[in-house]
Amino acid sequence: MTARAETVLNEAHRLITANALEGGGYRIKKLAGDASLRKYYRVYHGPESFVLMHTEPFEASSYDFLLVHNFLERAGVPVPKMLAVEGVKGTILQEDLGDRTMLHQLAEAESPDQELALFQESLRLLANFHSSTKKPQGERPVPGFNLAF
């Protein structure tokens, strides 16, 4: 964890727990949740932005969210970088990948060929995701492999 990431994480945590959306050059925007105990915030500091996840305290070495993240990262799946983790505070500071969605890309497509290329790239990424994240043999199972969706 870099000193910069630790500073951002600590200040953002302080503001969130004080129910403040601004302070000390920081501006915070609550993001839509994911139907769990996790809450997400976009933290702005100067020209940079980060995503802060806040939940109950956790043990980093056995926290499902981080175990799955690490597995996906090792498999070569593009995931946000974890910049700082503070399990005692229940906070994780992540790289901010922005709000741009496939729908935004499709709306800006200038031709049916560009739309087709976007869908083809999406299917290629999904196929790569599927093939690179098969349950590893002989390893401790990652949370999620035992769940049915």
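The values are calculated or read from the model by the stated rules, or taken from the named source; none is laboratory data. These numbers were taken from a predicted model, which means no experiment stands behind them. Methodologically, a virtual Cβ is constructed for each residue, glycine included, from the backbone with ideal geometry; neighbour enumeration extends over all protein chains shown. Accessible surface is based on the protein model in full, side chains and every heavy atom, while ligands, DNA and RNA are left aside. Shrake-Rupley method; radii C 1.70, N 1.55, O 1.52, S 1.80 Å.
Odds and ends about this structure:
- Residues within region 105-134 that are at pLDDT below 85 and exposed (fewer than 11 other Cβ atoms within 10 Å of the Cβ), tallied: 3
- When residues of region 1-29 are limited to those that are among the charged types (D, E, K, R) and at pLDDT below 90, the one least open to solvent (accessible area, probe 1.4 Å): Glu11
- Selection from region 30-43 of residues that are in contact with a Ser or Thr (Cβ under 9 Å, 6 or more places away or on another chain), surrounded by 14 or more Cβ atoms within 10 Å (Cβ to Cβ) and either free of Cβ contacts under 8 Å to residues at least 24 places away in the same chain or in a strand (DSSP E or B) (or both): Lys39, Arg42, Val43
- Residues satisfying the stated conditions in region 68-104, i.e. in a loop (DSSP other than H, G, I, E, B) and open to solvent by 80 Å² or more (accessible area, probe 1.4 Å): Pro78, Lys81, Leu97, Asp99, Arg100
- Of all residues in region 44-56, none are of a type in the set (A, V, I, L, M) and open to solvent by 30 Å² or more (accessible area, probe 1.4 Å).
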